[in-house]
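Chemist: Would you mind keeping the following structure in view while I ask a few things?
Where a number appears in this text, it was derived from the coordinates with a stated rule and is not lab data. In this text the structure is predicted, and so the values were computed from the model without any measurement. Here the Cβ positions follow ideal geometry from the backbone for every residue, glycine too, while neighbour counts run over all protein chains shown.
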Amino acid sequence: MGSTDIKKQARLKRKKRIRKQLTGTTERPRLSVFRSAKHIYAQIIDDISGITLVAASSVEKQVKDQPDFENKTAQAIFIGKLVAERALDKGIKQVVFDRNGFLYHGRVKAVSSGAREAGLDF
């Protein structure tokens, strides 16, 4: 069992602990963020009906067509703004932020600040 396995297990334990408290409702869905080594993904989820309402990620063509970002944090801010714009288009103004077991720091924090800048309330 390597150190990456231990880190992943610790993140999944944190995720379970957080998700006991958070649920995305129809009025206030959940903004879930996933971060891999290379990419960042954000989804707005209604847990009651079990559907993803809005999603944005760094693997989309629209994001890849952008001029190169200076770093991954700048890309995460752009993803936050993009998911917020798509949510506002669908009439979603308030969300619950789910950091998915990741520490609220760096790219995860950048997604949330980008979403707040674009007009999401959480």
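Chemist: With each run of n ≥ 4 DSSP H residues scored as -39500 (n - 2.57), what mean residue ellipticity at 222 nm is computed for the chain after dividing by its residue count and rounding to the nearest 500 deg cm²/dmol?
Modeler: Estimated from H runs of four or more residues: -13000 deg cm²/dmol.
Chemist: Please give the net charge around Ile45, taking every other residue with its beta carbon less than 10 angstrom from that of Ile45, where Lys and Arg add +1 and Asp and Glu add -1.
Modeler: Value of the local net charge: -2.
Chemist: Let me ask something else about it. Residue by residue through the stretch 42-54, which ³J(HN,Hα) values in whole Hz follow from phi under the Karplus form 6.51 cos²θ - 1.76 cosθ + 1.60 (θ = phi - 60°), with glycine and proline marked x?
Modeler: Once rounded to whole Hz, the list reads 9, 9, 10, 10, 9, 6, 5, 8, x, 10, 8, 7, 9.
Chemist: Next question, about the same structure. Starting from 0.36 nm per residue, how many nanometres of slack lie between Lys64 and Gln9 once their C-alpha separation is accounted for?
Modeler: Full extension of this stretch gives 16.7 nm more.
Chemist: Between Gln94, Gln62, Gln21, where does the largest GNM mean-square fluctuation fall for the chain, given springs only between Cα atoms within less than 10 Å?
Modeler: Gln21
Chemist: Then there is this: At a 10 Å Cβ-Cβ cut-off, how would you order Val83, Val96, fewest neighbours first? Each step should come with its number before you reach the end.
Modeler: Details: Val83 27, Val96 18.
Fewest to most other Cβ atoms nearby, the residues stand as Val96, Val83.
Chemist: Also, quick follow-up: Would you mind pulling out the separation of the Cα centroids of the stretch 60-114 and the stretch 1-56, in Å?
Modeler: Answer, in whole Å: 14.
Chemist: Give me the mean projected area, in nm² to one decimal, of the convex hull enclosing the Cα positions of the stretch 23-89.
Modeler: Averaged projected area of the stretch 23-89's Cα convex hull equals 4.8 nm².
Chemist: Could you tell me whether the chain comes out rounded, prolate or oblate from its Cα gyration tensor? Rule is a ≥ b ≥ c as square roots of the eigenvalues, rounded for a/c under 1.5, then prolate if a/b exceeds b/c, otherwise oblate.
Modeler: oblate
Chemist: Taking amide hydrogens as modeled 1.01 Å from N in the peptide plane, which residues meet the under 5 Å criterion relative to Val96, leaving out close sequence neighbours?
Modeler: For Val96, whose amide H was placed from the backbone, the distant partners under 5 Å are Arg30, Leu31.
Chemist: Sticking with this structure for a sec: Sum up the charges of everything whose Cβ sits under 12 Å from the Cβ of Tyr104, counting Lys and Arg as +1 and Asp and Glu as -1, but leave Tyr104 out.
Modeler: +4
Chemist: Sorting check: for 63-74, 36-47, which peptide has the highest mean count of neighbouring beta carbons within 10 Å, and how do the rest follow?
Modeler: Ranked from most to least packed, the peptides come out as 36-47, 63-74.
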